[in-house]
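This report concerns only the one structure given below.
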Amino acid sequence: MVVTVLYVSIYLVKKYRTSRLDDLSDEILLMILDYLPSVDVLRAFYSNSMSDRFHRLILEYRTQYVLWNLCYSDFRYLIDQIFSQSEILKLSLSNYYIPCLIEHFTSLCQQLPLIELRELQMDKCTLISPSLLTWISKQLKLKKFHCDYFSYKDSPLTLTQRSLLRDFLFNNGITASLHTLSVTLWSGLVLSNQLPSRVIAHLREVELDLDTLDDLYILLDKKFLLNLRKLLIYINRPRQCCM
């Protein structure tokens with residue numbers, strides 16, 4: 001009698017699943033995002049196809065923008081594709097790397113009001129224009145505003161630009177929501193006894209560059225700033241004396 005023994009080998013094949021970003025913890029994902037430029041984070045994760053979890057993780061990238069270290073193509077990507085669908089809370093602009101970026105941004109965003117904007121910082125401004133000041137005055141939830149006007153001694157603000165800035169600050173140009181104001185400029189702001197006598201009650205912290213000590217006397221005499229917690233004044237040049 002012939003006995004046939006059949007050997008059967010059974011191989012268990014374990015199927016390994018490829019790891020995905022969803023498998024990582026929030027802490028690890030945030031560490032990864034720190035290595036990426038902000039604009040690349042938005043390109044990768046800010047889309048309708050991404051989950052609410054990723055939208056929550058990049059909340060800071062979606063609401064706070066620094067537009068001073070970008071190339072022009074990245075700048076246009078944010079303006080054309082991101083800003084129209086973002087609730088921008090904090091915005092920082094500068095002409096340091098891209099000349100006239102602030103002015104260019106203003107011209108592009110005249111029809112795009114940033115209705116949720118809370119903080120605006122503009123560094124190295126080279127021009128104070130009516131369109132720029134008009135756009136700022138439309139930000140009705142703005143709480144903090146800083147403007148650093150940059151110029152050399154041989155190209156100070158013109159009289160027209162000084163008048164525009166003075167009217168913006170003291171003739172109902174700034175929004176009622178503003179509580180922190182900082183305006184620094186090389187030549188100093190020249191005030192006038194013709195300024196209206198009114199109180200800007202909503203301001204709490206103010207930093208200004210004034211031309212002479214006489215301008216400070218005008219500012220204090222008009223009693224604009226009665227509810228301040230902090231006042232920082234820089235005087236550009238000594239008081240002029242009549243000979």
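What follows draws every value from the coordinates through simple rules; no lab data is involved. This structure is a prediction, so every number in the text was calculated from the model and none was measured. Quick reminder, even Gly has a Cβ in these numbers, built from the backbone with ideal geometry, and neighbours come from all protein chains shown.
Model label points for C100 and S73, set 7 angstrom from Cα along the Cα-to-Cβ axis, are 2.3 nm apart. Net charge in the neighbourhood of L57 (other residues with Cβ under 11 Å of its Cβ; Lys, Arg +1, Asp, Glu -1) is -1.
Each residue of segment 200-213 was assigned a 3J(HN,Hα) from its phi angle through the Karplus curve 6.51 cos²θ - 1.76 cosθ + 1.60 (θ = phi - 60°); the sequence is 8, 5, 7, 6, 10, 9, 9, 10, 9, 9, 10, 6, 9, 5 Hz, with glycine and proline shown as x. For the peptides 72-81, 160-169, the ranking by packing is 160-169, 72-81, with the highest mean count of neighbouring Cβ atoms within 10 Å listed first.
Working out 0.36 nm times the residue gap between A201 and T63, then minus their Cα-Cα distance, what length gain in nm do you get to one decimal?
On the way: separation 138, 0.36 × 138 = 49.68 nm, distance 2.85 nm.
Full-extension gain reported as 46.8 nm.
Residues whose amide H comes within less than 5 Å of that of C147, counting only those at least five positions distant or on another chain, are M122, S182, V183, T184 (H built at 1.01 Å from N in the peptide plane).
Extension gain for D40-I28 works out to 2.6 nm (0.36 nm per residue, less the C-alpha to C-alpha distance).
Here each label is just a point 7 Å from Cα along the line to Cβ, and for Y217 and E87 those points are 5.0 nm apart.
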